[in-house]
Amino acid sequence: MFLRKLPLLAPAVLLAAAVALSLIHGEANSAEATGPPICGRWDLVVQGTHGDYPSWLEVRLSGRTTLVGAFVGHFGSARPISRVDFDGGHIHFAVPPQWESRKEDIGFDGKLDGDVIRGETTDDDGKRVTWTAKRAPSLERSKPPTWGKPVELFNGTDVTGWKPRSTDAKSCWEVKDGLLANTAASVDLVSEAKFNDSQLHTEFRYPAGGNSGVYLRGRYEVQIEDDYGQEPDSHGIGGVYGFLTPSVNAAKKAGEWQTLEVTLVGRTVTVLLNGERIIDRQAIPGVTGGALDSDEGAPGPILLQGDHGPVDFRKVTVTPGE
C-alpha cells in the first residue's frame, strides 16, 4: 500500500523540485544580501530556568529599511514580528504572548557576532534567561535520495524501539489489541531510531475532539486533529503546524482509520492524507513549536504527540533516504 505511492514521488520529480526550490532560495538569499546581516533564518536555543529548549527566528527586509519577521517559541506556532530593530550589531524584537502564562509582550535583545547571536529575554516568572542563535542550514540537496529498506517502528506487540519524551510525567502509551495507543493525555513518544531524509507511512485514528501530531526528525510537526469538514488550516490536520496549509481538508470522521504519508527531503515536504496529496513539495521554514531541538542539520527521530489526548496508531513505517 505504501510502496504504491512511491511513483508519485519519483527521483526525477524530487530533483526538479530541488532545482526549483534552489532558485527560490537563491532569490531569497539575493534579497537578504541587500539587507542588514541580521536577515535570514536562525535556530535558537533558550537556556531556560527549567532546562534548554529550542526556538526559531526569521528576519527579513520589508520595503527599503523596515525589518519584520516571524518567531516560534517553546510551544505553539509561528507568530509574526511587526518590527525588528537592528543597530550597531544589536537586535531587539518583541512578540505577543501565545501559550505563555503572561499578559505582556515578550522582548528579546541580542548582539550579532558573525553567524551567531547571543542575547537575553525573560521567562514567565520574569527571570532573565539567555539565548543563542545560529544561522539555520539551507538543507538543499544536490541530488534526490536513494530510498532504502522500509523500517517498521511499531512491531504490533510492545513499545520496543520507543521511549517517552520525559520521565517526569506518567506515560499512558500502551500496546493493546495490536495497537500503539495513548489512552489519555500524557507524554510524547519518541523513536530510538533517527532519520534524515525519509518517507513516513502511518495509520491512525482518534476519538471526537482528538488532537495529536507526528514530528519528522523530532522538529517538524504534521498535525493530527479532529477537524473534519472544516476549512484547511496550517494548524489543522495534515498541516505543517503554523507554517504550511493543506490545499484541501482530506480528513475522515473521528473514529475512522486514516492514512498519513509524508516525504521529507531536506526542507522539502510532500504530504498525502488518505491518499490525497494536500501539500506538494513545499519548504518548511523552520522548527515548529514543541520540537525536541533546533539542530536542523542533524538526523532526528519520529515523535508521536501524546500530551493532548487519546490516539491510536496501528502502523508507523519509515523508509530512510541513503
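The values are calculated or read from the model by the stated rules, or taken from the named source; none is laboratory data. Predicted model only: the values in this text are computed from it and were never measured. Note: ideal-geometry Cβ built from the backbone for every residue, glycine included; neighbour counts use all protein chains shown. For the accessible areas, the whole protein counts, side chains as well, though only heavy atoms, and no ligand, DNA or RNA atoms are used. Shrake-Rupley method; radii C 1.70, N 1.55, O 1.52, S 1.80 Å.
Worth pointing out:
- Q47-E322 FRET efficiency (beta carbon distance; Förster radius 35 Å; 0.05 resolution): 0.45
- Placing pseudo-labels 7 Å out from each Cα toward the beta carbon at A208 and D293 gives an inter-label distance of 4.3 nm.
- Shape category assigned to the range 233-322 from the gyration tensor of Cα positions, a/c cut at 1.5: rounded
- Gyration tensor (alpha-carbon) shape descriptor, the range 89-213, a/c threshold 1.5: oblate
- Taking all protein chains into account, the per residue accessible area for the chain stands at 46 Å² (1.4 Å probe).
- Rounded FRET efficiency, nearest 0.05, which uses the C-beta distance separating W99 from K143 and R0 of 56 Å: 0.90
- Farthest toward the positive end of the dipole of the chain, out of G156, G119, A185, is the Cα of G156, where the dipole comes from beta carbon charges about the Cα centre.
- Between R128 and S247, the simple spin-label model (points 7 angstrom out along Cα→Cβ) gives 5.2 nm.
- Whether the range 198-251 is rounded, prolate or oblate, judged on the alpha carbon gyration tensor where a/c under 1.5 counts as rounded: oblate
- Selection of trypsin sites (Lys or Arg not before Pro), the range 105-187, meeting DSSP coil and at most 15 other Cβ within 10 Å: K127, K170
- Where labels lie 7 Å past Cα in the beta-carbon direction, separation of R314 and V151 in nm: 2.5
- Annotation note: GluC sites (Glu not before Pro) in the range 50-158 located in DSSP loop regions with a Cβ neighbour count of at most 13 within 10 Å are E104.
- Most mobile of G178, G239, G218 in a GNM of the chain (Cα contacts under 10 Å): G178
- The chain - percent of accessible surface contributed by carbon and sulfur, probe 1.4 Å: 51
- Over 21 Å (Cα to Cα) - which of K103/K170; K253/K315; K194/K252; K163/K315; K149/K194 fall in this group: K103/K170; K194/K252
- Contour excess over end-to-end distance, with Cα ends at A169 and E256 and 0.36 nm allotted per residue: 28.4 nm
- For the options R83, R102, R41, a Gaussian network treatment of the chain with springs between C-alpha atoms closer than 10 Å singles out R102 as fluctuating the most.
- Per residue of the chain, the DSSP helices (runs of n ≥ 4 H) give a summed -39500 (n - 2.57) that works out to -2500 deg cm²/dmol at 222 nm.
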